[in-house]
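Taking it in order: structure first as structure tokens, then the write-up.
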Amino acid sequence: MHPNPVFHDADAARNLAFARDRGFGVLAVNAPDGPLISHVPFVLSEDGGSVALHLVRSNPIARLLTSPQPVRLAVSGGDSYVSPDWYKVPDQVPTWNYVAVHLSGMLELRPQDELRALLDAQSAHFEEQLRPKTPWTAGKMDAGALDRMMRQIVPCRMSVTGVDGTWKLSQNKPDDVRNRAANGVEAFGRGSDLAVLAALMRGAQANQ
């Protein structure tokens, strides 16, 4: 998280909504030999209190879960390099704008008989976003093939105890300066989801 409080102006509801909509993040946990990291899809509950996800059984994080473990789930959005030239004011320096939300909490293994419901909920969540396509369901699979695949993964649940977000959108610049930078990001930026990031920059409130 960026240390400047100017970039922490989003409330918990906005941070949670961002994480829920994104549905993909970097799961990090401490281990005896150093941090372990996995990139995971997930479903965040409506109240923001829990995250449902699954891990491959051989994943080192899954092997740690003989007892619940403190973890952090980092969820990233649009990002881009910002050239000082785009501000069109003197004495500026390069920077990188981005959106990121961190969820902190405890991760635990869940009983294997909860796996099918978790997978169904997860696929339904993402398939819903692909409409008007007819949603895929596990019922389209051969039951034996599905069972073999499910034996390779384990269900997990994270109890969310902390939410923090950085929305670094040039809020520390006057509106006209920030909007010029947003135009530069959209036209020439280097990063991801440039149009989305530019729109967020234009909608940000100056906070100097």
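Placing unit charges on the Cβ atoms only, positive for Lys and Arg and negative for Asp and Glu, gives the chain a dipole magnitude near 320 debye about its Cα centre. Among ARG14, ARG131, a tally of other beta-carbon atoms within 10 Å of each Cβ gives an order, fewest to most, of ARG131, ARG14.
Under 15 Å Cα-Cα from LYS140, which aspartates and glutamates qualify once same-chain neighbours fewer than 8 residues away are excluded? Cα-Cα hits under 15 Å: ASP120, GLU127. Counted residue by residue at 0.36 nm each, then reduced by the alpha carbon distance between them, the extension gain from SER45 to MET150 reaches 35.6 nm. To make sure I understand the rule: partners must be lysines, Cα under 26 Å from the Cα of LYS173, and not fewer than 8 residues away in the same chain. Which ones qualify? Correct list for LYS173: LYS88. Applied to segment 151-164, the Karplus parametrisation 6.51 cos²θ - 1.76 cosθ + 1.60 on θ = phi - 60° returns per-residue 3J(HN,Hα) values of 5, 8, 10, 10, x, 9, 9, 10, 8, 7, 10, x, 9, 9 Hz, with x for Gly and Pro. Between segment 175-208 and segment 83-115, what is the C-alpha centre distance in whole Å? One Cα centre to the other: 16 Å.
Taken one residue at a time, the phi angles of segment 57-63 give Karplus couplings (6.51, -1.76, 1.60, θ = phi - 60°) of 4, 7, 4, x, 5, 4, 5 Hz. Gly and Pro are set to x. As a rough footprinting exposure proxy, the listed residues SER58, SER192, SER83 were ranked by other beta carbons within 10 Å of their own, and the order from fewest upward is SER58, SER192, SER83.
A Förster radius of 41 Å combined with the Cβ-Cβ distance from ALA74 to ALA143 puts the calculated FRET efficiency at roughly 0.70.
At 37 °C and 0.692 mPa s, what whole-number value in µm²/s does Stokes-Einstein give for the translational diffusion of the chain, with Rh from the Kirkwood sum over Cα pairs? My calculation gives 173 µm²/s for D.
The numbers here are math on the coordinates, done by the rules we state, and not lab data. Just so it is clear, the model here is predicted, and its values are computed rather than measured. Don't worry about glycine lacking a Cβ; one is built from the backbone with ideal geometry, like all the others, and counts go over all protein chains shown.
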